[in-house]
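As structure tokens, the structure follows; a few thoughts come after it.
The values are calculated or read from the model by the stated rules, or taken from the named source; none is laboratory data. Every value quoted in this text rests on a predicted model; they were computed, and no experiment measured them. Please note: Cβ atoms are built from the backbone with ideal geometry, for glycine as well, and neighbour counts cover all protein chains shown. What goes into the accessible areas is simple: the full protein's heavy atoms, side chains included, and nothing from ligands, DNA or RNA. Shrake-Rupley method; radii C 1.70, N 1.55, O 1.52, S 1.80 Å.
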Amino acid sequence: MKRLEIYFDSFYTEKMKEELREYGIDQYFIVPAVHSSWSKTFKHFNTHVWPGTDSILITYLEDEHAEEILRIIKIMKIDLGRGISMGAVIMPVEDIIL
């Protein structure tokens, strides 16, 4: 089992949920309106200087599903380009109770 965390521009929340639904993933958690510093010149602090926010989507998946979703995230990141915040991490899960 894996924990998949996806970090993305909050503007894309519905798109992320659609992608998960397409793959039959119904159980996930979304942390909305996260302030992020991606680099020295790319930040989302929801201010007039650094507008926007990011979100974090967390889900728990079987190993093969996690790898497939990560592949899709890589493609989305390439398609969106450098000016859009998006990243992901997969972590092993030893045991979980949900």
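Structure above, values below:
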| read-out | value |
| --- | --- |
| Yes/no for E94 being surrounded by fewer than 11 Cβ atoms within 10 Å (Cβ to Cβ) and within 28 Å of M1 (Cβ to Cβ) | yes |
| Among residues of segment 23-35, those that are open to solvent by less than 90 Å² (accessible area, probe 1.4 Å) and acidic (D, E), counted | 0 |
| Selected residue (criterion: most open to solvent (accessible area, probe 1.4 Å)) from residues of segment 36-50 that are in contact (Cβ under 8 Å) with a residue 12 or more places away in the chain and of a type in the set (S, T, N, Q) | N46 |
| Residue that is nearest to the chain's Cα centre (by Cα), among those in segment 8-22 that are surrounded by 14 or more Cβ atoms within 10 Å (Cβ to Cβ) and under 13 Å from I69 (Cβ atoms) | F8 |
| Conditions (1) touching a residue at least 40 places away in the same chain (Cβ under 8 Å); (2) over 18 Å from R82 (Cα atoms): number failed by I30 | (1) |
